[in-house]
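The values are calculated or read from the model by the stated rules, or taken from the named source; none is laboratory data. Just so it is clear, the structure is predicted and the values come from calculations on it, not from any experiment. Quick reminder, even Gly has a Cβ in these numbers, built from the backbone with ideal geometry, and neighbours come from all protein chains shown.
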Amino acid sequence: MNIFTSKDMFYGSGGNGGCWAELEAMLSAARQNRTWLHLRAWPDPVFEGDALTLRCHGSANKALSQVKFYKDGKLLQTPKTRWSLSMGTATLESSGQYSCSGKVAYVPYLGRQTSELVKVQVQEPFPPPVLSAVPSPELREGSPLTLRCQTKLHPQKSASRLLFSFHRDARTLQDWGPHPELYLPGAQERDSGLYWCRATLEGGVAQKQSPQLEVRVQVPVSQPLLTLRPGPTSLAVGAMVELLCEAQKGSPPISYLFYLDGKILGNISSPYGRTTCFPVTVTSEQDARYSCRAENYVSGETSEPKILSLDGTSCPPAGL
């Protein structure tokens with residue numbers, strides 16, 4: 001009984017080893033040089049918030065089987081359909097090198113084939129917003145304040161619509177809306193705090209938050225009250241006198257300047273409080289008038305002048 005090999009079936013019972021070897025070489029070259037599988041990522045380009053889909057297809061649209069997908073060399077989940085895989089909503093972390101593998105139908109000698117690598121770079125539809133305060137994040141109480149949430153759509157997303165929200169500390173001041181500005185007609189000290197804004201595409205995809213911005217609404221200082229406290233009922237040259245300067249209102253830090261006959265004696269900063277003391281020594285020339293001035297970032301006020309006056313009260317430490 002004659003037994004026919006695949007060579008005999010292809011070339012006849014006579015066989016032709018040279019031709020078979022040549023065919024094997026051709027098949028090997030085809031396996032090595034031809035790309036039988038191709039991967040496509042859709043959409044292209046892809047932005048945050050887009051639905052990212054991978055599709056593996058055979059060369060010349062040949063049917064595939066046992067298709068698998070990879071990201072950065074790691075196997076992804078098994079596709080629900082034969083040739084495509086839904087990656088869900090694209091994020092910046094979806095960027096990477098993708099490929100697919102599978103078997104080409106009706107070409108059994110090929111074995112499992114792998115596509116070329118496809119780089120997927122997920123782009124931002126807009127950069128994180130920046131919050132600014134106009135005219136300044138430090139302002140006088142009662143002044144108008146405008147907060148601007150600024151960002152710009154990618155040119156290929158220009159048809160999309162941006163929505164904005166504004167927040168202070170743990171509170172929402174303005175919920176999602178198309179206006180990138182928040183206006184405060186007369187800012188008060190209670191409006192001080194850490195502000196930030198958020199921007200998103202309509203539909204709530206690709207939300208981005210700005211860095212925090214500190215807003216400080218400064219209360220102007222009131223006219224300070226100066227009290228001279230010599231201690232003993234009669235003064236002599238060389239005695240110590242305390243000058244107590246107090247502003248009832250004003251945002252800290254407050255700087256206090258002390259004067260004798262219009263000439264500055266010295267200054268003290270009170271970072272947390274509205275009262276401070278300044279010691280001076282009585283000299284034969286100190287029979288004139290004393291005054292003090294309180295200043296903070298937004299205003300300054302000068303006290304009424306005072307001559308030595310005894311009240312018997314104690315002097316609190318500076319800063320209290």
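Brief remarks on what is shown
- Taking the listed residues GLY73, GLY58, the one that is under 13 Å from LYS119 (Cα atoms) and either without any contact (Cβ under 8 Å) to a residue 60 or more places away in the chain or hydroxyl-bearing (Ser, Thr, Tyr) (or both) is GLY73, with no other qualifying.
This table checks each residue for (1) among the aromatic types (Phe, Trp, Tyr); (2) in contact with a His (Cβ under 7 Å, 6 or more places away or on another chain); (3) outside the structural domain of TRP42 (by TED's automatic domain parsing); (4) surrounded by fewer than 10 Cβ atoms within 10 Å (Cβ to Cβ).
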{"site": "LYS74", "(1), (2), (3), (4)": "no, no, no, yes"}
{"site": "LYS80", "(1), (2), (3), (4)": "no, no, no, yes"}
{"site": "TRP83", "(1), (2), (3), (4)": "yes, yes, no, no"}
{"site": "SER86", "(1), (2), (3), (4)": "no, no, no, no"}
{"site": "GLU93", "(1), (2), (3), (4)": "no, no, no, yes"}
{"site": "GLY96", "(1), (2), (3), (4)": "no, no, no, no"}
{"site": "CYS100", "(1), (2), (3), (4)": "no, no, no, no"}
{"site": "ALA105", "(1), (2), (3), (4)": "no, no, no, no"}
{"site": "SER115", "(1), (2), (3), (4)": "no, yes, no, no"}
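- Checking the stated criteria, LYS62 turns out not to satisfy the condition of being exposed (fewer than 10 other Cβ atoms within 10 Å of the Cβ) and not assigned by TED's automatic domain parsing to the domain that holds ALA206.
- Looking across region 131-149, the residues that are out of contact with any helix residue (DSSP H, G or I) (no Cβ under 7 Å at 6 or more places or on another chain), surrounded by 15 or more Cβ atoms within 10 Å (Cβ to Cβ) and part of a loop (DSSP other than H, G, I, E, B) come down to PRO137, SER143.
- Selection count where residues are out of contact with any Phe, Trp or Tyr (no Cβ under 8 Å at 6 or more places or on another chain) and assigned to a strand (DSSP E or B), scope region 71-97: 8
- In region 42-67, the residue that is modelled with the highest pLDDT out of those that are touching a Gly at 6+ places or on another chain (Cβ under 9 Å), under 12 Å from SER94 (Cα atoms) and not in a loop (DSSP other than H, G, I, E, B) is LEU52.
- Of residues in region 171-187 being in contact with a Leu (Cβ under 7 Å, 6 or more places away or on another chain) and surrounded by fewer than 18 Cβ atoms within 10 Å (Cβ to Cβ), the one farthest from ALA159 (Cα to Cα): LEU184
- Filtered residue count, region 117-130, keeping only those that are buried (at least 17 other Cβ atoms within 10 Å of the Cβ) and not aromatic (Phe, Trp, Tyr): 4
- Filter result for the condition that a residue is more than 15 Å from the chain's Cα centre (by Cα) and closer than 15 Å to PRO137 by Cα, over VAL219, VAL205: VAL219
- Neighbours by Cβ (under 7 Å, 6+ apart or cross-chain): first from region 204-231, part of a strand (DSSP E or B) and modelled with pLDDT of 95 or more; second among the polar types (S, T, N, Q) and surrounded by fewer than 19 Cβ atoms within 10 Å (Cβ to Cβ): VAL217/GLN188
- Tally of residues being in a loop (DSSP other than H, G, I, E, B) and without any contact (Cβ under 8 Å) to a residue 60 or more places away in the chain across region 98-116: 2
- Residues in region 80-97 that are in contact (Cβ under 8 Å) with a residue 24 or more places away in the chain, in contact with a strand residue (DSSP E or B) (Cβ under 8 Å, 6 or more places away or on another chain) and either farther than 16 Å from LEU37 by Cβ or among the acidic types (Asp, Glu) (or both): SER86, MET87, GLY88, THR89, ALA90, SER94, SER95, GLY96.
- Considering the conditions (1) out of contact with any Asp or Glu (no Cβ under 9 Å at 6 or more places or on another chain); (2) at pLDDT below 95; (3) not aromatic (Phe, Trp, Tyr), LEU39 is excluded by exactly one of them, (1).
- Selection status of GLU141, more than 30 Å from PRO45 (Cβ to Cβ) and of a type outside the set (A, V, I, L, M, F, W, C): yes
- Considering region 79-110, and only residues there that are under 26 Å from the mean Cα position of the chain (by Cα) and of a type in the set (Val, Ile, Thr), the residue that is nearest to GLY58 (Cα to Cα) turns out to be THR89.
- Just one of the listed residues (ARG190, ARG161, ARG229) is among the charged types (D, E, K, R) and crowded, with 18+ Cβ neighbours inside 10 Å, and it is ARG229.
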